[in-house]
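Notes for the one structure printed next.
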Amino acid sequence: MILKEIKQIKDLSEQDIIFSRIGNLSKLGTRINEKIIKILSKGNTPYIPVLKKEEDESYEDLIKKINEEILNDDLNYLREKLIDNLKDVYKPFKEDDPIFITKGKKPLMKINTLMETEPNQIYWKEILEGSFKILPRHKITSLQKILLEIYHYFDVKKLRTKENLKDKKTLKKLYLYSARRDYEFFKGKVKTEGDSILLHSVDTTIYFLITIANLNKIRSLKNAPRSTIKFFLDKTEYNEFTEFFYAEDMILQAALGSLLHSIGLMHITILENMGNKISLKDKNFKEHHKLKIEHLEKNINIAKNLFRIREDISAITKMIINGQKDYLDATGHPQLKINKFIHELVRIFCIVDTYDELVNPIIIKESANPLETVKFLIENSGKYYWSRKEPKEQTKNKKFDIKMLENFLTILAPFDYGQIVDVNKKNNNENLFQAAVLEYKMSIAPNLSIINKKNQTYKIEEIIMDLENKEILIKDANGNYKKNPLNNVDDFVIKNSIPELNKNEIQLIPFSYEKKINPTIFSKK
């Protein structure tokens with residue numbers, strides 16, 4: 001097992017070895033240098049994982065282990081393939097760019113026209129011109145081919161059960177991390193390219209795909225009816241709450257929406273301001289970041305306008321993109337003018353989108369502890385209500401759908417395998433010991449191997465904490481484990497060795513669409 005630890009950029013040294021690709025700067029196994037530290041700092045990267053090298057282990061042996069792990073990681077290969085393919089789409093743009101100008105025609109659009117709720121139809125031709133330059137038809141085809149490969153990677157795996165956790169063909173809980181860098185501008189021009197928005201979109205989409213794959217496995221066992229290719233169902237025996245087994249075509253269209261949902265953030269007006277992060281620890285952040293929040297609201301309008309009249313982009317893809325705006329608000333009430341059903345694909349997307357932004361943020365300043373984020377999501381989840389005849393039913397809704405959240409948590413690994421974490425006392429934050437994440441069973445709590453306790457070091461798997469079964473396993477001289485009860489599990493807090501937001505500090509950025517008519521919308525964009 002390769003051990004890794006999370007470090008803030010300011011704590012990095014030239015002795016550290018990277019365990020994450022950082023754009024074109026480095027690959028896994030690269031030693032940290034001043035150039036890398038400088039670019040990460042300028043890019044507002046909050047933290048990165050670095051390798052934990054054993055004292056008696058050579059650098060060459062460590063690199064060999066990394067290369068073996070990479071060669072056997074098919075998902076990482078597909079993820080990198082998707083990132084490379086999407087780079088041409090996630091490029092900075094503005095209304096006065098040549099991509100929006102029709103050949104031989106005088107440009108009509110003004111700066112920030114794309115941010116309007118419904119731009120005048122006289123601009124539609126220019127918007128369509130730019131839309132096809134940003135996302136050509138052939139690019140949609142190539143992206144969906146990769147999305148299908150990723151979905152198949154998850155789809156061929158077995159459903160996780162208590163009985164098959166050791167089976168390598170079982171769907172493994174997924175941990176995703178990417179070292180995200182903001183764009184750097186000088187006098188309105190790009191000085192240093194970034195990738196934070198691109199990587200957020202990719203990771204959110206992969207979480208989305210594994211969640212749908214898991215949901216399909218569950219519904220297959222229940223002989224759920226298959227969704228039709230036609231989006232709007234007209235069969236009277238089905239209704240909005242029918243639990244479908246989703247067809248691949250529908251999944252790919254929804255995944256494309258997830259992949260494109262942040263494209264509006266690439267508008268230069270917004271992108272230039274991305275480096276000024278919103279601090280959730282600032283009690284007055286709504287007032288201090290008023291202009292920034294207004295810009296972020298417009299991200300959804302931009303994405304919606306770019307693809308509004310594209311006939312080659314499906315209603316499902318547009319539904320996911322627009323679903324950022326149509327979801328529940330920060331008070332738990334729908335902001336919709338009409339009683340509108342929120343499809344469960346949108347409800348899943350909003351959960352994974354929010355989770356990824358909180359633990360590996362591109363908009364907020366502080367990252368949140370993964371387990372604290374899960375607690376926040378659970379506390380703000382409940383049954384999803386909706387009725388054609390009773391619009392007031394929607395007022396019972398919380399921010400997230402608990403059934404869709406439970407499905408996501410089934411496949412989520414909050415910490416990476418081999419990641420070193422601190423285990424502290426809940427009441428006073430006193431550090432009890434350091435441990436490495438070994439594996440996950442059914443819950444989100446990992447099995448931990450204690451590696452350091454009060455300056456006493458232990459080998460991997462010498463002492464194992466099984467948090468799910470509340471047991472501690474101690475290896476004897478013969479290699480056998482003795483089990484003992486672990487009675488104080490609820491008194492433990494698992495943390496990274498960096499400052500993190502706890503559950504009570506997490507807030508969702510409130511937007512103000514149609515504020516006079518509707519309550520404030522919930523969204524993190």
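So the values come out like this:
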quantity	calculated
Any hit, the range 183-193, residues being closer than 30 Å to Lys158 by Cβ and either at pLDDT 95 or above or not in a helix (DSSP H, G or I) (or both)	no
Identity of the residue in the range 451-465, of a type outside the set (Lys, Arg) and free of Cβ contacts under 8 Å to residues at least 24 places away in the same chain, that ends up surrounded by the fewest Cβ atoms within 10 Å (Cβ to Cβ)	Asn455
Residue tally, condition under 30 Å from Tyr47 (Cα atoms) and modelled with pLDDT of 95 or more, over the range 150-177	10
Test: residue in the range 402-414 that is crowded, with 23+ Cβ neighbours inside 10 Å and of a type outside the set (A, V, I, L, M, F, W, C)	yes
Any hit, the range 397-416, residues being over 21 Å from the mean Cα position of the chain (by Cα) and in the same structural domain as Glu240 (by TED's automatic domain parsing)	yes
Whichever residue in the range 133-180 is of a type outside the set (A, V, I, L, M), part of a helix (DSSP H, G or I) and in contact (Cβ under 8 Å) with a residue 60 or more places away in the chain and, among such residues, is surrounded by the most Cβ atoms within 10 Å (Cβ to Cβ)	Tyr151
Helices (runs of 4 or more DSSP H) fully within the range 276-378 counting 2 or more residues that are on the phi < 0 side of the Ramachandran plot and at pLDDT below 90	285-288, 290-307, 315-326
Filter result for the condition that a residue is at pLDDT 95 or above and in the same structural domain as Asn431 (by TED's automatic domain parsing), over Leu486, Leu473	Leu473
Residues within the range 429-447 that are under 20 Å from Glu163 (Cα atoms) and assigned to a strand (DSSP E or B), tallied	5
Filter result for Lys52 (of a type in the set (Lys, Arg) and touching a residue at least 24 places away in the same chain (Cβ under 8 Å))	yes
Residue in the range 68-86 that is in contact (Cβ under 8 Å) with a residue 40 or more places away in the chain, surrounded by fewer than 15 Cβ atoms within 10 Å (Cβ to Cβ), closer than 22 Å to Ala303 by Cβ and not assigned by TED's automatic domain parsing to the domain that holds Gln8 present	no
Single match in Ile206, Ile127 (criterion: under 30 Å from Asn469 (Cβ atoms), buried (at least 20 other Cβ atoms within 10 Å of the Cβ) and β-branched (Val, Ile, Thr))	Ile206
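The values are calculated or read from the model by the stated rules, or taken from the named source; none is laboratory data. Since the structure is predicted, the reported quantities are computational estimates derived from the model, not experimental observations. Backbone-built Cβ (ideal geometry, glycine too); neighbour counts: all protein chains shown.
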